[in-house]
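Everything on this sheet refers to the single structure shown next.
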Amino acid sequence: MILHHGQPVPPAELESILIQYPGVADAAALGVANEAGDTHVPRALVTLRPGIEGNDELAQKIVAHVDERVSDSRRLRGGVAFVTEIPRLAIGKICRDKLPQLLSK
């Protein structure tokens, strides 16, 4: 669970909206510290379908897509990062403890 100023933000809710965007193959959401360091903000990790290139314009469109569908506390204030793969367990669940490592690459 991501806590943004004490408000719970369920990653699964954001992920279900993210994968509705055309071109997104898979997605995961996690909380990252904001610039002030006083709370966490939601950030998306996204894999794209073959033939689609990740760039700043696409990232902004994905953020807008999510932000139109969620309340203010659940907006993707941390932005979008494009990754090659979302780590998953053998049963298909997102391996959330490995997500922060993807941001450092």
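The values are calculated or read from the model by the stated rules, or taken from the named source; none is laboratory data. In this text, all values refer to a predicted model and were calculated from it rather than measured experimentally. Cβ coordinates were reconstructed from backbone atoms using ideal geometry, including for glycine residues, and neighbour counts include every protein chain displayed. SASA here: full protein model, heavy atoms, side chains in, ligands and nucleic acids out. Shrake-Rupley method; radii C 1.70, N 1.55, O 1.52, S 1.80 Å.
Just a few scattered comments:
- Tally of residues being of a type outside the set (Ser, Thr, Tyr), in contact (Cβ under 8 Å) with a residue 24 or more places away in the chain and either touching a Leu at 6+ places or on another chain (Cβ under 6 Å) or open to solvent by 90 Å² or more (accessible area, probe 1.4 Å) (or both) across the range 76-101: 6
- All positions within the range 46-75 that are more than 15 Å from Leu18 (Cβ to Cβ) and either open to solvent by 30 Å² or more (accessible area, probe 1.4 Å) or without any contact (Cβ under 8 Å) to a residue 24 or more places away in the chain (or both): Pro50, Gly51, Glu53, Asn55, Asp56, Glu57, Ser71, Asp72
- All helices (runs of 4 or more DSSP H) inside the chain with 2 or more residues being at pLDDT 95 or above and under 13 Å from the mean Cα position of the chain (by Cα): 11-18, 56-67
- Scanning the range 12-22 for residues that are open to solvent by 10 Å² or more (accessible area, probe 1.4 Å) and within 17 Å of Phe82 (Cα to Cα) turns up Glu15, Ser16, Ile17, Ile19, Gln20, Tyr21, Pro22.
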